[in-house]
1. Where residues in segment B:51-67 are assigned to a loop (DSSP other than H, G, I, E, B) and of a type in the set (D, E, K, R), which of them is least open to solvent (accessible area, probe 1.4 Å)?
2. In segment A:57-99, which strands (runs of 3 or more DSSP E) lie fully inside it and hold 1 or more residues that are open to solvent by 40 Å² or more (accessible area, probe 1.4 Å) and of a type in the set (Ser, Thr, Tyr)?
3. Could you look through segment B:68-105, keep only residues that are open to solvent by 10 Å² or more (accessible area, probe 1.4 Å), farther than 13 Å from B:SER27 by Cα and of a type in the set (D, E, K, R), and pick out the one that is modelled with the highest pLDDT?
4. Residues in segment B:8-18: is at least one part of a loop (DSSP other than H, G, I, E, B), facing another protein chain (nearest Cβ under 10 Å) and surrounded by 20 or more Cβ atoms within 10 Å (Cβ to Cβ)?
5. Filter segment B:19-30 down to residues that are open to solvent by less than 40 Å² (accessible area, probe 1.4 Å) and away from chain A (no Cβ under 11 Å) and give me whichever is farthest from A:GLN6 (Cα to Cα).
6. Kindly indicate the residue of segment B:31-50 that is more than 9 Å from chain A (Cβ to nearest Cβ) and part of a loop (DSSP other than H, G, I, E, B) and also most open to solvent (accessible area, probe 1.4 Å) among those meeting that condition.
7. For segment A:1-45, give me each residue that is under 12 Å from A:PHE105 (Cα atoms), surrounded by fewer than 21 Cβ atoms within 10 Å (Cβ to Cβ) and hydrophobic (A, V, I, L, M, F, W, C).
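The values are calculated or read from the model by the stated rules, or taken from the named source; none is laboratory data. Here the structure is a predicted model, which is why all the values come from computation and not from measurement. Cβ sites come from the backbone with ideal geometry, for glycine too, and all protein chains shown count toward neighbours. Keep in mind that these areas ignore ligands, DNA and RNA; they rest on the heavy atoms of the full protein, side chains included. Shrake-Rupley method; radii C 1.70, N 1.55, O 1.52, S 1.80 Å.
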Amino acid sequence: DAGITQSPRHKVTETGTPVTLRCHQTENHRYMYWYRQDPGHGLRLIHYSYGVKDTDKGEVSDGYSVSRSKTEDFLLTLESATSSQTSVYFCAISERLIANTGELFFGEGSRLTVL
Amino acid sequence: TQLLEQSPQFLSIQEGENLTVYCNSSSVFSSLQWYRQEPGEGPVLLVTVVTGGEVKKLKRLTFQFGDARKDSSLHITAAQPGDTGLYLCAGGRNRDDKIIFGKGTRLHILP
C-alpha cells in the first residue's frame, strides 16, 4: 500500500470555525490532490499540487485553500467552515500525470461534518 | 458540466450474470483509468488505457477504450459478490494536470 496518511479521519465542527486537513505521504511523489466525495457528485477536485509551493485550483476550490511547504505534506484549509462543506475528503498522490499513465493512490479519507 | 458520464448509476444483478458499464465523454482524453472503491476506503486503480481501440483484460474484467478516445467500457463476466463496489472512470488530458472523475456506477452483486 502507498504510504498516505490523512488526519484527522473524522471531525465534527461548527459553522464558521477554521478546519485544516493534513495529507502526509512517504512515497516522494511529485503530485498531490485533494478531492471531495459527495452522493450524486462523485469525486470532485478541490486543489492540486505539482511540486513544493506549486498549487492550482480544481473545479470546486471556493472556500478552500491549500499549502505545500514540503514534498510530503499537503494541507487543505477551510477558513470558515460551512454546512455545504460537510463531505468526505480524499487526498491522492501520483508520481506522473494521469495523462502520462500516472496512477493515483488515495488515502483512506477524512469525514468532515459541519454543524 | 460533467465531462465524464457514467452509466448506469446503479446496477444490481445476480451472481453469475454478465454486465457492462460505460464511461462517455464529448472530450478526447489522452488516457482513461478505471478505479474501484469499497465502502470506507479510497479508490484503487484497476486499469489504465491509452490507445484508441485498446482492450485490456484483468481476470473476468474486460476494459475497452473507444477508437476516438472519448469513451470506455468495463465488462464483467460471471459477476461475483466480491465485485460489489463503486466503479469510477477517470480521464487525463494532455493540456493540463487535472484528473476528471465520472460520478461512478454503484454495482451490487447478489449471491
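1. B:GLU54
2. A:64-70
3. Here the answer is B:LYS103.
4. Taking segment B:8-18 and keeping what is part of a loop (DSSP other than H, G, I, E, B), we get B:8-9, B:15-18.
When the remaining residues are screened for being facing another protein chain (nearest Cβ under 10 Å), the result is B:9.
Filter once more, keeping what is surrounded by 20 or more Cβ atoms within 10 Å (Cβ to Cβ): none.
Within segment B:8-18, not a single residue is part of a loop (DSSP other than H, G, I, E, B), facing another protein chain (nearest Cβ under 10 Å) and surrounded by 20 or more Cβ atoms within 10 Å (Cβ to Cβ).
5. Ranking the candidates gives B:LEU19 first.
6. It comes out as B:PRO39.
7. Answer for segment A:1-45, where residues must be under 12 Å from A:PHE105 (Cα atoms), surrounded by fewer than 21 Cβ atoms within 10 Å (Cβ to Cβ) and hydrophobic (A, V, I, L, M, F, W, C): just A:ALA2.
Condition check ((1) among the aromatic types (Phe, Trp, Tyr); (2) out of contact with any helix residue (DSSP H, G or I) (no Cβ under 8 Å at 6 or more places or on another chain)) across all residues:
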{"position": "B:TYR35", "(1), (2)": "yes, yes"}
{"position": "B:GLU38", "(1), (2)": "no, yes"}
{"position": "B:VAL44", "(1), (2)": "no, yes"}
{"position": "B:THR51", "(1), (2)": "no, yes"}
{"position": "B:GLU54", "(1), (2)": "no, yes"}
{"position": "B:ILE76", "(1), (2)": "no, no"}
